[in-house]
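The values are calculated or read from the model by the stated rules, or taken from the named source; none is laboratory data. This structure is a prediction, so every number in the text was calculated from the model and none was measured. We place every Cβ from the backbone using ideal geometry, glycine too, and count neighbours over all the protein chains shown.
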Ligand SMILES: Nc1ncnc2c1ncn2[C@@H]1O[C@H](COP(=O)(O)OP(=O)(O)OP(=O)(O)O)[C@@H](O)[C@H]1O
Ligand SMILES: [Mg+2]
């Protein structure tokens, strides 16, 4: 079937052209920057000093370094743990459970929970980081309210459980998105279909697992796609909360990239890291997009 | 034994009571139709029998056992929903097999029962299709097939034909009647369509605003409606209701003429009811009621003529074939007391017409 232009548009083609200009600029800029990152990743360009001017092509040296030098693989592992627990397990599962349990409720509790998770979403990252470091500090709320009254020594959570604290903070920050998306998805499941499963003898768990989840599978895949991309490249909250430390315990790829590029100053190596991240996220996205498709 | 008994069944949503104490006995193997206007509580009642809605008061028994607190799957029922409610991610076969799979039936047994149901409904050729590749009528068969596979004691249908076009609805109606014949199971069928009710039911239950107005066979309801609500609701064409003055020997029409009813005291009568098909068109000299034609609905086989009497009442008469009458013309009718229904001021029938 041939694509047909709206008659009005066909006689006013300049409108189409005018509308396309910003899009062309945007796509052009994206390609331009990606192209530069790709080009830099084959050089030994540095932020300051002699190699900021007299850089040279180094072939795949930077990429080899990803695997031979300490840092990249460790950060990749930290990022994987961080993404898996905060996005896939935390935000997604928690968001789904909240959406599933709260949708039938019309109580004050629901209002309170919704307000809380929305707040997490709306609060700027830096403010959120401050809130979390204040509550988890040695003199913070959790120690004063729970740990000390129970007779334990106060704990400096950010020092001793850095990764879990960051993960929990990000769950709090991002659950609203999954909650909203799954609420909408569950609304699209016909009540009668769920009731038919009930009459057929499905337990509550079987109704969720064998009827509801398969029906909202495209929504799940879409959600996974978004939150994985966001979490995998997430930077501000973690950086403001821990700066990647203590040691390198919370040094996810985005922080590793930032440090290598702008603190160590190796722009070429940093570009190689960003290209590697792009490839990883791209592969994950392809996987989710396959999930989105209907099975045969 | 698969009779269904309702004893003083009530349902409230919060402070709002929508079912006000229903008593009903449904015998094993009977085809019972719940009929009534939208919002009268038909679906609610059916869903309470199915176990999808909690009962606020009274008892529901299936097969001699009170099932108030028995979960749906153990009630021995199967339900066909208005929206078909097929599982969109499963093939037709899997839709029908789902209940058996959940109860861990052996594969051979599942195969046998699904194929048997598919054969009865003639859907064998699309067992491997997905629901969205089916037409509305085919989906409806699959939904019925899913119910048959469960081999229930009681089938529950909630307006199963309302999403089908007129021709398919008539065809499926006949098929459901045949199915009842074949399976010999108790069937409870909800509809707001009185044609479905009349043609399918062994017994019709007319509901209105959460109470039963009347229970009876289709002919009983047609011939002797217990009140004006049933009189107007049952029957292909709405019954004419005229305000009258009752006396010991008959009723006086708005134009003063008296229709004599022998043998019954009608001094409390306030309404006379007569079906359009029971009015007789006569010449001006023997007219009991005269009026002017306002609308003619010509259906080929017969015509429904709407006219306004000299006293201002709207009435309809059914005339066979293509009657020789034009708009605004005068029309004269007579009615035989044998087919008249008489109601008191509460709308209750005072006498049933003979035959
Ligand atoms: N969940 C609910 N909460 C409050 N009221 C309800 C609820 N479900 C139904 N009702 C009310 O109960 C009454 C009966 O509803 P029901 O669905 O049984 O009607 P129905 O006879 O099936 O109508 P229809 O022919 O339109 O399907 C209606 O007045 C409806 O507003
Ligand atoms: Mg209904």
Can you name every residue in segment B:168-204 that is in a strand (DSSP E or B) and within 14 Å of ligand 2 (Cβ to nearest atom)?
B:188, B:189, B:190, B:191
Would you be able to say whether some residue in segment A:224-232 is within 28 Å of residue A:101 (Cα to Cα), touching a residue at least 60 places away in the same chain (Cβ under 8 Å), within 14 Å of another protein chain (Cβ to nearest Cβ) and in a helix (DSSP H, G or I)?
no
Among residues belonging to segment B:15-41 that are crowded, with 17+ Cβ neighbours inside 10 Å and under 17 Å from residue B:78 (Cα atoms), point out the one that is nearest to ligand 1 (Cβ to nearest atom).
B:34
Per the list (1) more than 16 Å from ligand 1 (Cβ to nearest atom); (2) more than 17 Å from residue A:193 (Cα to Cα); (3) surrounded by fewer than 19 Cβ atoms within 10 Å (Cβ to Cβ), residue check on residue B:176 breaks on (3)
Which residue pairs have Cβ atoms closer than 6 Å, lie 6 or more positions apart in sequence or on different chains, and pair a first residue in segment B:32-43 that is at pLDDT 90 or above with a second residue that is assigned to a loop (DSSP other than H, G, I, E, B) and more than 9 Å from ligand 2 (Cβ to nearest atom)?
B:33/B:201; B:40/B:209; B:41/B:210; B:42/B:36
Counting only residues in segment B:24-38 that are in contact with a helix residue (DSSP H, G or I) (Cβ under 6 Å, 6 or more places away or on another chain) and within 18 Å of residue B:9 (Cβ to Cβ), the one farthest from ligand 2 (Cβ to nearest atom) is identified as B:33
So, in segment B:40-72, how many residues would count as being away from ligand 2 (no atom under 16 Å from the Cβ) and closer than 16 Å to residue B:156 by Cα?
8
Considering only helices (runs of 4 or more DSSP H) fully contained in segment B:7-122, which possess at least 2 residues that are under 18 Å from residue B:190 (Cα atoms)?
B:42-50
Confirm whether residue A:255 is part of a helix (DSSP H, G or I), at pLDDT 85 or above and buried (at least 20 other Cβ atoms within 10 Å of the Cβ).
yes
May I ask you to say which residue of B:121, B:164, B:134, B:100 is more than 29 Å from residue A:206 (Cβ to Cβ), in contact with a helix residue (DSSP H, G or I) (Cβ under 7 Å, 6 or more places away or on another chain), in the same structural domain as residue B:46 (by TED's automatic domain parsing) and free of Cβ contacts under 8 Å to residues at least 60 places away in the same chain?
B:164
Count - residues of segment B:91-127 that are within 14 Å of chain A (Cβ to nearest Cβ), farther than 20 Å from residue B:172 by Cβ and crowded, with 19+ Cβ neighbours inside 10 Å:
7
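Results for (1) assigned to a helix (DSSP H, G or I); (2) over 15 Å from the mean Cα position of the chain (by Cα); (3) more than 16 Å from ligand 2 (Cβ to nearest atom); (4) at negative phi, shown as yes or no for each residue.
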residue	(1), (2), (3), (4)
B:232	yes, no, yes, yes
B:236	no, no, yes, yes
B:242	no, yes, yes, yes
B:251	no, yes, yes, yes
Please verify whether segment A:144-162 includes one or more residues that are in a helix (DSSP H, G or I), over 30 Å from residue B:52 (Cβ atoms) and under 18 Å from the mean Cα position of the chain (by Cα).
no
Right, residue A:250: modelled with pLDDT of 85 or more and away from chain B (no Cβ under 14 Å) or not?
no
In segment A:184-204, which residues are at the interface with another protein chain (Cβ under 9 Å from one of its Cβ atoms) and not in a helix (DSSP H, G or I)?
A:190, A:200, A:201, A:202, A:203
Among the residues of segment B:42-57, how many are within 18 Å of residue B:203 (Cα to Cα), within 11 Å of ligand 1 (Cβ to nearest atom) and crowded, with 21+ Cβ neighbours inside 10 Å?
3
So for segment A:163-178 (the condition being within 14 Å of chain B (Cβ to nearest Cβ), touching a residue at least 24 places away in the same chain (Cβ under 8 Å) and surrounded by 18 or more Cβ atoms within 10 Å (Cβ to Cβ)), does at least one residue qualify?
no
Selection count where residues are out of contact with any helix residue (DSSP H, G or I) (no Cβ under 7 Å at 6 or more places or on another chain) and surrounded by 21 or more Cβ atoms within 10 Å (Cβ to Cβ), scope segment B:243-274
7
